[in-house]
Amino acid sequence: MLIIEDLQVKLADKVILKHIDLEIRPGETHILFGPNGSGKTSLLMTIMGYPQYRVTAGKICFKGEDITNRSINDRAAMGIGMSYQRPPSIHGLKTSQMIRLCGKNGMNVEELAEKVNFTSFLERDINVGFSGGEIKRSELLQLMAQDPDLLLFDEPESGVDLENIVLIGNTISELLQRHMKPTGDQTVKEVNKSRTRMGLIITHTGFILDYVSADRGQVLYDGILACKANPVEIFKQIKQQGYEECVRCAN
Amino acid sequence: MRELEKKAVEAKDKKASLGPDIDLREFIVDAPGHGSIESPEQLPEADKKRMMLAGVDAGEKDRSGTFIQKDATAIFSRSYVPGLEVLPIKEALDNVEWVKDYYWKLLAVDTDKYTSQAYKELHNGYVIRALPGSSVTFPIQACMYLEHEGLSQNVHNIIIAEEGSELHIITGCATASHVTKGLHVGISEFYVKENAKLSFTMIHNWAENVLVRPRSAGIVEKGGLFLNNYICMKPVKSLQMYPTTRLVGKGAVARFYSLLVGNPGSELDVGGRACLDAEETRAEIISRAITNGGNLIARGELIGRKPGVRGHLECRGLILNGGTIHAIPELIGKEEGVELSHEAAVGKIAQEEILYLMSRGLTEEEAAATIVRGFLSVDIPGLPAVLKAEIDRAVELSQKDMM
């Protein structure tokens, strides 16, 4: 479980997140909406543990431990993983090497890469000259290898062409165990209950909602989490009335 | 020869245009001789180990020949494949008529005091030649080993890839671990003839107080390819070289890759120059320099003299732990239509890359090591796998000291 309590975060000297409360239970996937500059990426980076995002109040707990002051790699080891929107390129580090670094020994990189149609990129330097869609697939591949319990997605559909959006949507759905089908004597409800993966997805366009079922949606506006509801409902509202209405509603 | 002698004498005190000046009188030139060996396996274990670090395998696995010089003596020289000739240069100068056509033909003996010394006090060196049309798939290895304290080791090498041949050489220079003072003066002349392919990979493994002054030059004829890799990652007191390669035949190609590490107390001034003198020639000079507290100058110069020639120069430097990196890329276009470009960058490891790797579970140290390894890993098209593996091993070994 991820529990964020009354979190306040500063970047440089500016307060960018205020009084954030958020709870993601095992098996739940949340969608984070919000206009540009509202602090969505900052929230993800803070959960991941990027040191430039300074927590000045409140705390973050994961799996029952206070991780507010834990390093990024500690958090990764505890099972937090992130798919970046614009990850840095690393010259000389091949994608296949990166996947091996992410994963546990004994996994089959080729096989994993086939799932996201990425085998032909394995010998390329990671993120060097990748298109938007290629970056997204590379990030998913890394997460597949890393196999975390809490997955943070920063706009996984941005820059992705229509052909690949299905692939990306379905892969995320699979990673978050949203795809599971009842087998034998299990009911759908039981299967859903057996999910353990947690997800937090930032989306701008909402396209991802067509592929990934989510339990809850939230709107982040000007550093404040404003609305909690069914994600599809929220998305409809935003499309009709824009973000201002969400805030007015929350206040 | 008399002319050479005269010029050498005249230049005996002539300072080099680059690099700190060395007082040659501080070094001896008379070294005790060594007996020849029947197999590199007969070398003392300590020597083998040092040579191994410079890519020279005493077991001669995947090698088509071996040349070993200890101090002033060529102690082993053998080719295992038809079409490949290897012999000590002194023997060659005495017995092989054609060698004179290649001796001091690309380099001037009066370039500076080091070329002068290499002529006047020549110890030995090798002549390696691939016969026309021959293809030597496994590399031949050559080692210059400096064991005698205070010696100025003076060598001269001639490398010839005859028409249509393919030749790969790995050469390692190393010092015995007890040597605290020494100088290595190495002359190398490279001849890549029509449609020949030559790869030359040099790994230096000197010691903290050793001075090194290589002087080399190359010429590439029509359709020829010259691939030159230089790796110097271990401490050395002072190293200065700036070899020139001339591309004189249509479509000739030269590529230079260097991986340099400046350790504390080391002074490296390393560069490469390519003259694109014929139509459709291409050249690429790529260097990766890391300083760990040492001073490093990475030079590069491309001179385009025919329309349509293409050259690219790339210097990247990483300052890890103090020290200086001075990148000096130069482009000289002498004709309309030359295409020359360069890219130089000096910086530190990007924090963003470290954090990215940490978010995948690596510790900060592991992340930094991974980035440095990536920085030093350059894809060298056309290099045999066994040589690529030697370069990777050299990088791996020195990285342990570096981080």
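The values are calculated or read from the model by the stated rules, or taken from the named source; none is laboratory data. These numbers were taken from a predicted model, which means no experiment stands behind them. Please note: Cβ atoms are built from the backbone with ideal geometry, for glycine as well, and neighbour counts cover all protein chains shown. These accessible areas exclude ligands, DNA and RNA; they are computed on the full protein's heavy atoms, side chains included. Shrake-Rupley method; radii C 1.70, N 1.55, O 1.52, S 1.80 Å.
Each of A:VAL160, A:VAL232, A:VAL55, B:VAL155 has its accessible area taken with a 1.4 Å probe; listed largest first, they run A:VAL232, A:VAL55, A:VAL160, B:VAL155. Using the beta-carbon distance between A:LYS193 and A:HIS91 and R0 = 45 Å, what value does 1/(1 + (r/R0)^6) give for FRET efficiency, to the nearest 0.05? Computed FRET efficiency for A:LYS193 and A:HIS91 comes out at 0.45. Converting phi to 3J(HN,Hα) with the Karplus coefficients 6.51, -1.76 and 1.60 and the offset θ = phi - 60°, the range A:157-168 yields 9, 5, x, 9, 6, 4, 5, 8, 5, 5, 4, 5 Hz in sequence order, with x at every glycine or proline.
First measure r as the distance between the Cβ atoms of A:THR119 and B:ASP94, then evaluate 1/(1 + (r/R0)^6) with R0 = 41 Å and state the FRET efficiency to the nearest 0.05. Approximately 0.10, to the nearest 0.05. Between B:LYS181 and B:ARG393, the modelled labels are 3.4 nm apart [label points 7 Å from Cα along Cα→Cβ].
Site pair B:LYS12 and A:VAL15 shows an inter-label distance of 8.2 nm when each label is modelled 7 Å from Cα along Cα→Cβ. Pairs exceeding a 27 Å alpha-carbon distance, out of B:LYS113/B:LYS181; B:LYS48/B:LYS348; B:LYS6/B:LYS197: B:LYS48/B:LYS348; B:LYS6/B:LYS197.
Taking a point 7 Å from the Cα of B:TYR80 along the Cα-to-Cβ direction, the residues of the range B:361-403 with backbone N closer than 15 Å to it are B:386-387. For the range A:104-216, the relative contact order comes to 29 percent (Cα pairs under 8 Å, sequence separation of at least 6). In order along the range B:50-58, the Karplus-derived 3J(HN,Hα) couplings, from 6.51 cos²θ - 1.76 cosθ + 1.60 at θ = phi - 60°, round to 4, 5, 4, 5, 9, x, 9, 9, 5 Hz, and Gly and Pro are given as x. Taking every alpha-carbon pair under 8 Å whose residues sit at least 6 apart, the range B:242-348 reaches a relative contact order of 25 percent. Scanning residues 5 or more positions from B:ALA344 or on other chains, those with amide H under 5 Å from its amide H are B:CYS315, with H placed 1.01 Å from N in the peptide plane.
Across chain A, the mean sequence separation of Cα contacts (distance under 8 Å, 6 or more residues apart), normalised by length, yields a relative contact order of 26 percent.
Taking amide H positions as modeled 1.01 Å from N, with prolines and chain starts lacking one, the residues under 5 Å from B:GLY300 and 5 or more places away or on another chain are B:GLY272, B:ILE328, B:GLU330. Averaging Cα coordinates gives a centre for the range B:169-187 and one for the range A:11-55; these two points are 57 Å apart. Each part reduced to its alpha carbon centroid, the range B:12-41 and the range A:120-147 end up 52 Å apart. Please give every one of the lysines within straight-line cross-link reach of A:LYS189, meaning a C-alpha to C-alpha distance under 30 Å, and leave out same-chain neighbours fewer than 8 residues apart. Excluding near neighbours in sequence, the set is A:LYS63, A:LYS115, A:LYS181, A:LYS228, A:LYS236. In this simple spin-label approximation, B:GLU335 and A:LEU162 carry label points 7 Å from Cα along the Cα→Cβ vector, and these lie 5.1 nm apart. Between B:ARG246 and B:GLY218, B:ILE219, B:VAL220, B:CYS275, the built amide H atoms are under 5 Å apart, and every one of these is 5 or more places off in sequence or on another chain.
As a test of the formula, what do you get for the protein assembly as shown when each DSSP H run with n ≥ 4 contributes -39,500 (n - 2.57) and the sum is divided by the residue count, at 222 nm and rounded to the nearest 500 deg cm²/dmol?
Details: 15 runs with 158 residues, N = 654.
-7000 deg cm²/dmol, from helical runs alone.
Computed from backbone phi with θ = phi - 60° and the Karplus coefficients 6.51, -1.76 and 1.60, the 3J(HN,Hα) list for the range B:85-93 is 10, 9, 7, x, 5, 5, 4, 5, 5 Hz; x is used for glycine and proline. About its Cα centre, chain B has a charge dipole of approximately 340 debye under the convention of +1 per Lys or Arg Cβ and -1 per Asp or Glu Cβ, with nothing else charged.
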